[in-house]
Amino acid sequence: MIALLTGKIAYKSLDHVIVDVGGVGYRVTVPLSTFYQLPDEGPVQLQIHTNVKEDAISLYGFLTTAEKEMFALLLSVSGVGPKLAVNILSNIPAADLRSALGQGDIRRLSAVPGIGKKTAERLTLELKDKVEKLAAWPTAGHSAPPAQSDTSGFEDALSALVNLGYKDTQARKVLESLEFAPSAGLEEILKGALKVLMK
């Protein structure tokens, strides 16, 4: 079972990275919370959750232990698979998710695409006590890195939001309503859009 990968980023996209470890490339699915903080290239160390199925072995990567712990907790809930767990962490940072679950914030949870009111209620019911037992997590260091110039940032952000489950028209409307500098990068645009969509 793979629990940690240390290597260099050979490829980076919105939903996964390829980590080169001694000449072997591992495809690792990551939530947006991790994507925001990854360098475009160079050394990286990811906490890994290995998901084994009959027909595939999938790796899910996180920069922090907090994200990995929350991912594992989400998977313990009936009806929540890896794809939905990654989607939840892409929309709500681990520390905020812990707070939302602990406080029973159904509205915040059900704002995530793919989670209805019943699923949100089940999440809080099953995880409220469990998140309170987790070790304290640092809240600093969750900000996105400085944005880089990217003229296709709008289209990339739109594609990312649609992949997260938001409707094209809804995502486009929110993106068009936001004001960003011409040099705004994908991370900055995405974070701004998700703040509006999660209200």
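Quick notes on this one:
- Filtered residue count, segment 47-84, keeping only those that are over 17 Å from Lys128 (Cβ atoms), at pLDDT 90 or above and assigned to a helix (DSSP H, G or I): 6
- Residues of segment 3-54 satisfying the condition of being in contact with a strand residue (DSSP E or B) (Cβ under 8 Å, 6 or more places away or on another chain) and acidic (Asp, Glu): Asp15, Asp20, Asp40, Glu41
- Checked against (1) within 18 Å of the chain's Cα centre (by Cα); (2) closer than 21 Å to Gly192 by Cβ, Arg107 meets all criteria but (1).
- Considering residues of segment 112-136 that are small (Gly, Ala, Ser) and surrounded by fewer than 17 Cβ atoms within 10 Å (Cβ to Cβ) only, the residue farthest from Thr65 (Cα to Cα): Gly116
- Among residues of segment 1-23, those that are part of a loop (DSSP other than H, G, I, E, B) and farther than 27 Å from Leu194 by Cα, counted: 5
- Residue in segment 38-57 that is surrounded by the fewest Cβ atoms within 10 Å (Cβ to Cβ), counting only those that are closer than 21 Å to Leu97 by Cβ and of a type outside the set (A, V, I, L, M): Asn51
- Of all the listed residues (Lys128, Lys83, Lys117), the sole one being under 28 Å from Tyr11 (Cβ atoms), outside the structural domain of Asp15 (by TED's automatic domain parsing) and basic (Lys, Arg) is Lys83.
- Against the criterion of being surrounded by 12 or more Cβ atoms within 10 Å (Cβ to Cβ), assigned to a strand (DSSP E or B) and either assigned by TED's automatic domain parsing to the domain that holds Ile88 or in contact (Cβ under 8 Å) with a residue 24 or more places away in the chain (or both), Tyr26 qualifies.
- Condition check for Lys12: modelled with pLDDT under 95, surrounded by 11 or more Cβ atoms within 10 Å (Cβ to Cβ) and out of contact with any Ser or Thr (no Cβ under 6 Å at 6 or more places or on another chain): yes
- The requirement of being outside any loop (DSSP other than H, G, I, E, B), of a type in the set (S, T, N, Q) and in the same structural domain as Lys118 (by TED's automatic domain parsing) is fulfilled somewhere in segment 92-106, by at least one residue.
The values are calculated or read from the model by the stated rules, or taken from the named source; none is laboratory data. In this text the structure is predicted, and so the values were computed from the model without any measurement. Methodologically, a virtual Cβ is constructed for each residue, glycine included, from the backbone with ideal geometry; neighbour enumeration extends over all protein chains shown.
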